[in-house]
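Encoded as structure tokens, the structure appears first; notes follow it.
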Amino acid sequence: MTVKREKLLALRILVGIGMIATWHVVAETSLVGDPLTMRFFFSTPLDVAGRIAQWLLHGTIWYHLGVTLLEAALAFGIGSLSGVVVGFWFARKPLVAAVFDPYVKAANALPRVVLAPIFALWLGLGIWSKVALGFTLVFFIVFFNVYQGVKEVSPVVLANARMLGMNERQLLRHVYLPSALSWMFSSLHTSVGFAMVGAVVGEYLGSAAGLGYLIQQAEGVFDVTGVFAGMFVLMAFVILIDWLVTLVERHLLSWRPRPAAT
Amino acid sequence: MALAAAFSERSEPKLVSRAVAVALDGVKIAFGMPDGGTYEAVAPTSLNVAESEFVAIVGPTGCGKSTLLNAAAGLVKPAAGTVHILGQPLSGINRHAGYLFQQDSLMPWKTAAQNVAIGLEVGGVPARDALEEARDWLRKVGLGAFGDRHPHMLSGGQRKRVGLAQVLIRHPRIILMDEPFGPLDAQTRLIMGELLLDLWSADRKAVMFVTHDLEEAIELADRVVIMSAGPAARIIGDYAIPLARPRDIAEIKLDPRFVEIHRQIWHTLKEEVLKGYRQSEGS
């Protein structure tokens with residue numbers, strides 16, 4: 001199905017306006033219920049927009065955004081690096097993989113949110129407890145993808161590389177690593193998203209700065225406008241990062257056949 | 001006296017001056033099965049390929065001819081027998097051989113030029129020199145303008161050309177080919193065959209060329225070796241092809257000598273093909 005760009009954009013904007021208009025009507029008129037109650041539970045689009053504008057103008061939001069971004073970036077960086085190293089190690093050493101298999105599965109089965117209080121206890125309320133939480137999310141995604149990537153190198157490509165005279169180190173550099181990284185990059189969206197989840201959830205459960213902290217503070221005083229404003233900023237921010245990831249991915253995976261446009 | 005001179009001239013110098021490039025001696029290849037037994041793919045087989053000789057190995061599908069090639073490449077270790085390469089016993093990968101695979105074997109994350117250059121790079125040639133030479137080779141296989149494309153942007157025939165350049169840039173003394181033109185359409189195969197003979201005639205390496213296509217084998221080779229249907233495949237025929245070179249492989253099929261050779265060899269091969277069918281139907 002192909003839709004013209006302009007038409008698609010117009011339809012998308014229409015849906016957005018429709019949703020905000022519905023929200024506005026529900027909050028400002030007595031169509032669904034008492035506007036006062038409605039406003040308490042849902043705030044209003046104008047209030048939320050005003051709050052976001054105020055945050056942006058006063059500049060307070062940038063500090064919190066920066067903290068969250070730093071936590072997510074650290075979680076992503078450390079998590080990816082360890083995932084690549086351990087994934088490689090396991091894939092090249094079947095015995096190690098077999099021995100650790102049940103423990104890896106068990107660790108991955110644990111919902112990460114329950115780790116947040118432990119990390120807060122161990123690492124304090126600063127950024128490192130959030131980095132740790134994000135790490136536990138990112139690590140497993142990258143680890144499983146790299147493991148798969150190394151395992152699934154085409155045996156023909158491998159045999160050909162050997163016949164071309166590659167030694168083990170050259171195979172690693174020219175065959176295993178590119179293959180593993182291509183798998184890792186294809187999961188880039190997921191792992192970057194999870195790094196953000198780790199940071200925000202960690203902040204929400206106990207911190208002194210960050211978007212999660214902002215939302216949690218607002219919620220503590222029944223400031224629904226603040227909660228919604230925080231959510232919208234977070235959403236816009238994640239979409240922006242996702243877009244950047246897409247650009248990076250296009251650059252790094254240019255050798256891959258491009259999937260049909262969606 | 002005159003007779004003796006003629007005789008020695010006819011047979012001796014050729015046999016002596018041509019060293020043996022690949023010597024398979026009683027090579028048997030078996031694989032372990034999941035149920036604990038072993039599957040004998042190739043029964044003890046001996047085959048010599050002289051230097052600058054083009055040998056085609058023909059057999060029904062699944063007869064183990066590729067396995068025999070892999071033994072010469074050092075990718076498969078024979079269960080019995082010995083492999084000698086240029087007089088030396090083979091251990092590990094065969095360093096003197098280039099191998100053109102049937103399936104896609106290019107690294108998809110490298111461009112055509114990088115794929116060709118890598119064979120030199122791993123041997124210690126600086127990347128820039130290697131790339132330059134790779135572009136020369138791409139021109140030789142008719143892909144001068146495609147060096148910056150990744151394999152997925154090339155057609156099957158173009159990928160085979162890159163593969164050929166990748167093998168030849170290293171100047172291997174032995175070239176092993178496993179049904180390299182199998183997946184291509186008939187016209188492309190013809191053109192690839194011509195290209196291959198063209199490049200080969202420049203310096204005449206020893207070639208082991210595996211194919212299931214008897215016509216292709218006779219067109220290209222000096223010698224055609226027929227293998228029986230597996231399991232426990234063995235060599236059941238060895239024919240010299242006395243067709244003059246250079247050959248025009250598009251025209252040669254019409255040559256009465258070609259037809260005669262084809263008829264003779266096909267007689268042997270046909271029975272094996274039928275046997276192969278019966279076996280696969282029975283199992």
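The values are calculated or read from the model by the stated rules, or taken from the named source; none is laboratory data. Nothing here was measured: the structure is a model prediction, and the numbers come from that model. As a convention, Cβ positions derive from the backbone with ideal geometry for all residues, glycine included, and neighbour counts pool all protein chains shown. The protein model used for the area step is the full one, side chains on, heavy atoms only, and it has no ligands, DNA or RNA in it. Shrake-Rupley method; radii C 1.70, N 1.55, O 1.52, S 1.80 Å.
Structure values in brief
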read-out: Qualifying residue in segment B:113-124 (condition: more than 8 Å from every other protein chain (Cβ to nearest Cβ), open to solvent by 30 Å² or more (accessible area, probe 1.4 Å), touching a residue at least 24 places away in the same chain (Cβ under 8 Å) and part of a loop (DSSP other than H, G, I, E, B)); value: no
read-out: Qualifying residue in segment A:195-205 (condition: assigned to a loop (DSSP other than H, G, I, E, B), farther than 16 Å from A:Leu56 by Cα and modelled with pLDDT under 90); value: no
read-out: Some residue of segment A:70-91 being away from chain B (no Cβ under 14 Å), under 30 Å from B:Arg95 (Cβ atoms), free of Cβ contacts under 8 Å to residues at least 24 places away in the same chain and of a type in the set (Phe, Trp, Tyr); value: yes
read-out: Close pairs (7 angstrom Cβ cut-off, 6 or more residues apart or separate chains): at the interface with another protein chain (Cβ under 8 Å from one of its Cβ atoms) in segment A:147-176, hydroxyl-bearing (Ser, Thr, Tyr) anywhere; value: A:Val156/B:Ser105; A:Val157/B:Ser105; A:Asn160/B:Tyr99; A:Asn160/B:Ser105; A:Met163/B:Tyr99
read-out: Segment B:125-143: number of residues that are away from chain A (no Cβ under 14 Å), open to solvent by less than 40 Å² (accessible area, probe 1.4 Å) and either without any contact (Cβ under 8 Å) to a residue 24 or more places away in the chain or within 29 Å of A:Glu168 (Cα to Cα) (or both); value: 1
read-out: Residue, most open to solvent (accessible area, probe 1.4 Å), within segment A:206-233, restricted to residues that are part of a loop (DSSP other than H, G, I, E, B) and among the small types (Gly, Ala, Ser); value: A:Ala208
read-out: Top-ranked residue in segment B:66-112 [being open to solvent by less than 10 Å² (accessible area, probe 1.4 Å) and over 17 Å from the mean Cα position of the chain (by Cα); ranked as farthest from the other protein chains (Cβ to nearest Cβ)]; value: B:Ala112
read-out: Residue check, A:Tyr63 at pLDDT 90 or above, in the same structural domain as A:Ala195 (by TED's automatic domain parsing), out of contact with any Lys or Arg (no Cβ under 6 Å at 6 or more places or on another chain) and under 23 Å from A:Met184 (Cβ atoms); value: no
read-out: Among the residues listed as A:Ala120, A:Ala116, A:Ala98, the single one being over 30 Å from B:Val122 (Cβ atoms), in a helix (DSSP H, G or I) and without any contact (Cβ under 8 Å) to a residue 60 or more places away in the chain; value: A:Ala98
read-out: Among the residues listed as A:Leu137, A:Leu121, the single one being in the same structural domain as A:Leu214 (by TED's automatic domain parsing), touching a Lys or Arg at 6+ places or on another chain (Cβ under 6 Å) and either modelled with pLDDT of 90 or more or not basic (Lys, Arg) (or both); value: A:Leu137
read-out: Verdict on A:Trp183 being assigned to a helix (DSSP H, G or I), open to solvent by 50 Å² or more (accessible area, probe 1.4 Å) and touching a helix residue (DSSP H, G or I) at 6+ places or on another chain (Cβ under 8 Å); value: yes
read-out: Segments classed as helices (runs of 4 or more DSSP H), wholly inside segment A:1-80, with at least 1 members that are touching a Pro at 6+ places or on another chain (Cβ under 9 Å); value: A:5-28
read-out: Scope segment A:140-168; condition of a type in the set (Ser, Thr, Tyr) and either assigned to a helix (DSSP H, G or I) or buried (at least 18 other Cβ atoms within 10 Å of the Cβ) (or both); matching residues; value: A:Tyr147
